[in-house]
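Inspection log for the structure reproduced underneath, given as structure tokens.
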Amino acid sequence: MKIFRWQGLVVFAVLFLLIWGFLSFYLDGLIKKGLEEDGSEMLQTQIEVQSVGTSLPSQSAGFKNLAVANADNLMENMVEIASVAFSVDAAKMVSKKVVIDEMSVEGIRLNQKRESPAKAYRPPGTGKDGEASSGEKAGEKKDPFSFGKILDPKSPEEILKSEKLETVEAAKKVREELQALKDKWEKKLETELSTQALEDTKKKIEALQSKTKGSDVAGIATAVQDLKEIQETIQGNLDKVTNLKKEMQADTERAKQLITELKDMPQKDFERLKKKYSLDLKGSSNILASVLGPEIKEKIDMFWKYYEMVSPYLNKGSDAKPKEEETEYVRGKGVFVTFKEQAPFPDFLIRHAKLSLDLLDTKIAGELNDFSDNQRVYGKPAVMNFSSDQDEKFDSFALTAKLDRTQSVSNDSIDLNVKSLKLNGLMAGEGPGIEKGFANIQSTFKIADEKNMSGVIQADLGGLALKLPEQGNEILKAVSDTLASTDKFYVKIAIDGSRENYALKIDSDLDRIISKAIKGAVTGKAKEFEKSLRSSIFSATEGPLAGLNDSLGGILKSGDLLGDKSTAWSGLLNKARESAAPAGLKDKLPLKEKLPIPGGLKDLGLPF
């Protein structure tokens, strides 16, 4: 009896060696291709890896020179990593779980310029490949202070070319409304109080007078009825006149109000543009916010990009536990059998990783602990920290990031503390810079439910020696002289809200220092500027405002015509009453008993 089938063993050995050889030769390339192609598609930005190395006997792997491009600036890499090395737990891989007990990540660098544009997987934020989302071209340098742009005002002519005057738009609307009122009243006077109706009523009164000259009883009775109808017609038109007068009064007051408000608008335009462009003290009270605001918002957006890249890999346990589904067995096809775990375990876990961050031309050591895709199961949050003792760049550096998904609502935090960060030789070409100084930086940020961020960062700068270029402008010279003698100031930045809608508040005593410096220099120039701006605005609005009183006059003319109509109809009413005077109609009526009207004159309902 044969215990071993040597033929089968040989076949197994040959297959094992073939698979081993295939993986030895091609596994590295397959992993590299997967990282670059599948990873790029997943993150929607180009991922590049120089080389990948694996070792099946030691169950380890690694790669060198990983670069993740910035999708919104294709001339920049968001992250660069010099090398990564790790070992995996083979026993866990049998159950489709990746567990890395130890990992080493060296040479982490952020926001590094590229030599050539990255491949675009989606349109960058600016809509053009390689163009920075902030609107800067690659290699373009910014003035870190930008005082020249803020403190050097535009001329009134330049302002009026770039700004719309609300007076001009309002004048157009008012002119249209006044014309509409004028047309409305011309139509009302023509349709509701027509001249033809007045003439027809006059003729009826004249005909009535002819009827009352005879003594025919039937004619007189008819005249009485005609008189009653005439009087009702006249009274109806007089009632119309009364109502129209009230409406006219309201429209006239509205028109006067519109013109009055419009005449005040050039001054409002002046006040608005003066506040925006003038060099008064109030305008200089928040200069630092104007300078730093756009750049801080750009950094906040970049932070959210990093955060959203990492966050999805921690969220497997955040959803409700799905119902177990039965796997349908198909004959001839394999089925992966999953046995119930005695102790649930995440599908991906990095127990511990040693990190090395290249920042400020300094290597800062760090570590990552308990990074898993299901913290609810694992029971521990992911914690990353970097720290360094005294160095030529600072006295101490500490950064701690905690990503906590162990509860139903995530609670993440980032804390930074840097003491005596050296600010030596921070120059911007020929522009202003810091020759020497130091900064103490402290910040705490919390992110709730992966949506809302709140926190404060404060930098206290001291021992400063600022270098500022020569200035020909009086205002800039005053600012430069003051800053040159300033050796310390603080900047405090507070952020609160979601990524799409957050409040950013920047406070600094540097604003007060600058305001004090420009107060004296700006007063005379501000008055001259404001005088010129006011003159330009009033000249530009003179044309649109011309003729408005004529438009109002057209409405008032309709009011005069309405008064004439009222007088004319009142005159007809008096004339109709005269036609019914005792000497006219009453005296010609027969006695009561002779009238064919049982009630006599009273039953006729005469208006006298």
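The values are calculated or read from the model by the stated rules, or taken from the named source; none is laboratory data. The model shown is predicted, which means the values in this text are computed figures rather than measured ones. For neighbour counting, all protein chains shown are included, and Cβ atoms are generated from backbone atoms with ideal geometry for every residue, glycine included. Just the protein is used for accessible areas: all its heavy atoms, side chains included, with ligands, DNA and RNA removed. Shrake-Rupley method; radii C 1.70, N 1.55, O 1.52, S 1.80 Å.
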Those residues of the range 503-548 that are among the aliphatic types (A, V, I, L, M), open to solvent by 30 Å² or more (accessible area, probe 1.4 Å) and closer than 23 Å to Ala170 by Cα come to a total of 3
**OP:** Taking Glu500 as the residue in question, decide whether it is modelled with pLDDT under 90 and open to solvent by 60 Å² or more (accessible area, probe 1.4 Å).
**Re:** yes
Checked the range 42-51 for anything modelled with pLDDT of 85 or more and either within 42 Å of the chain's Cα centre (by Cα) or open to solvent by less than 20 Å² (accessible area, probe 1.4 Å) (or both); matches are Thr45, Gln46, Ile47, Glu48, Val49, Gln50
Taking first residues from the range 345-373 that are open to solvent by 20 Å² or more (accessible area, probe 1.4 Å) and second residues anywhere that are of a type in the set (Phe, Trp, Tyr), the pairs with Cβ under 6 Å that are 6 or more apart or on different chains are Asp373/Tyr313; Asp373/Phe348
If we keep only residues of the range 479-495 that are assigned to a strand (DSSP E or B) and not small (Gly, Ala, Ser), then the residue most open to solvent (accessible area, probe 1.4 Å) is Lys492
Counted residues in the range 236-252 being in contact with a Leu (Cβ under 9 Å, 6 or more places away or on another chain) and more than 11 Å from Ser566 (Cα to Cα) come to 3
